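Please read the structure below before turning to the comments.
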Amino acid sequence: MTELLVKPAGTRGKVHDVTPESAGWGYVGFGLYRLEAGDKVAEVTGEREVILVLVEGKARITTAGQDFGEMGDRMNVFEKTPPHCLYVPNGSDWAAEATTACTLAVCSAPGKGNYAAQQLGPEGIELTPRGKGSNTRYVNNIAMEARDVADSLLVTEVFTPQGNWSSYPSHRHDEDDYPNMTYLEETYYMRLNPEQGFGIQRVYTEDGSLDVTMAVKNHDVTLVPKGHHPCGTPYGYEMYYLNVMAGPIRKWRFNNDPDHDWIYQRDLQG
């Protein structure tokens, strides 16, 4: 089985490079650059569409000859303001030059050429609460299905307060059975505040054939190839994660774990 917890390869440059080949699946890719002012990076997209997310810091970004200028104004991800993001189609390229220390996420999935390069945020992204009680979290929907901006990619940010749970009640999206469920691979890029903190994520199937519980730390990435995938953060620390999902259909349909669906149903009623 592919290791589901991916540690960063250093503290500067390209510290994550999750590909479909390295993950053992077919759709999602996730890269992460940690840059200092003046650092330059560039990539070609090939057959894959890309959404660049300025997690924090600022960079000047160009794509396919278009200069989008300096992007980014969130200097610390836990400011929770909407991020600056850029869609880059397949068959194209992009380049970035950091103008401050910055963290740049590269979310990718198969592209079909239906969308042109465009800036996605901060306009059109609003921090929205989800859940109740200690299941409350706050979401910046960058490119979920309500925004018709990509062929395959679904991208969102989630902030989970101290002591709270997220991606919960446990749910899965690992069958191509629309409209009941959609097959979506998923990555989580984790941040903790303060940064020495940790969070917990469990990835498991109902039949027990997969059951992995991970302690996640700052800048870790987790892979969800199938199964349920709840996560939580201890008292004293808040957690951020950037989700990337993709599959054969750009829709998010999931089923709850039958053991825990009663929580979902109770919260719907009350």
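Between N180 and E79, the FRET efficiency from the beta-carbon distance, with R0 = 41 Å, is close to 0.60. Each other residue within a Cβ distance under 13 Å of N114 adds +1 if Lys or Arg and -1 if Asp or Glu, for a net charge of -1. Take each peptide in 223-235, 46-58, 70-82, count the other Cβ atoms within 10 Å of every residue, and average; sorted highest first, the result is 46-58, 223-235, 70-82. Dipole magnitude for the chain: about 520 debye, using +1 per Lys or Arg Cβ and -1 per Asp or Glu Cβ, origin at the Cα centre. On the basis of the beta-carbon distance and an R0 of 22 Å, I249 and L127 show a calculated FRET efficiency of 0.20.
Once you sort the root eigenvalues of the Cα gyration tensor of the chain as a ≥ b ≥ c, which label holds: rounded (a/c under 1.5), prolate (a/b larger than b/c) or oblate (the other case)? It is prolate, given that a/c is not under 1.5 and a/b is the larger ratio. Backbone geometry of the stretch 151-162 corresponds, through the Karplus equation with coefficients 6.51, -1.76 and 1.60 at θ = phi - 60°, to 3J(HN,Hα) couplings of 7, 10, 6, 10, 9, 8, 10, 9, 10, 10, x, 4 Hz, x marking Gly and Pro.
Inter-part distance, the stretch 131-155 to the stretch 8-54, computed on C-alpha centroids, equals 21 Å. Entry comment: accessible area of the stretch 130-270 is 40 Å² per residue, from protein heavy atoms only and a probe of 1.4 Å. Of the accessible area of the chain, computed with a 1.4 Å probe over protein heavy atoms only, carbon and sulfur atoms account for 48 percent. Modelled spin labels at K7 and Y235, positioned 7 Å past Cα toward Cβ, are 3.0 nm from each other.
A crude spin-label estimate for the pair H260 and Q66, with each label 7 Å from Cα along the Cβ direction, gives 4.0 nm. Note on surface exposure: L268, L153 rank L268, L153 by accessible area, highest first, 1.4 Å probe. Within straight-line reach of K58, meaning a Cα separation under 18 Å, sit the following lysines at least 8 residues removed in sequence or on another chain: K14, K40, K80.
Each Lys and Arg adds +1 at its Cβ and each Asp and Glu adds -1 at its Cβ; summed about the Cα centre, the stretch 135-270 shows a dipole of about 400 debye.
Quick one: dipole size for the stretch 127-186, taken about the Cα centre, charges +1 on Lys/Arg Cβ and -1 on Asp/Glu Cβ, in debye to the nearest 20.
580 debye
Residues whose amide H comes within less than 5 Å of that of H171, counting only those at least five positions distant or on another chain, are H229, D257 (H built at 1.01 Å from N in the peptide plane).
Looking at the square roots a ≥ b ≥ c of the eigenvalues of the Cα gyration tensor of the stretch 118-224, which shape do they give, rounded for a/c under 1.5, prolate if a/b is larger than b/c, or oblate? Oblate.
The values are calculated or read from the model by the stated rules, or taken from the named source; none is laboratory data. Since the structure is predicted, the reported quantities are computational estimates derived from the model, not experimental observations. Ideal geometry is used to build each Cβ from the backbone, glycine not excepted, and the neighbour counts take in all protein chains shown. Note: accessible area is taken over every heavy atom of the protein model, side chains too, but ligands, DNA and RNA are not part of it. Shrake-Rupley method; radii C 1.70, N 1.55, O 1.52, S 1.80 Å.
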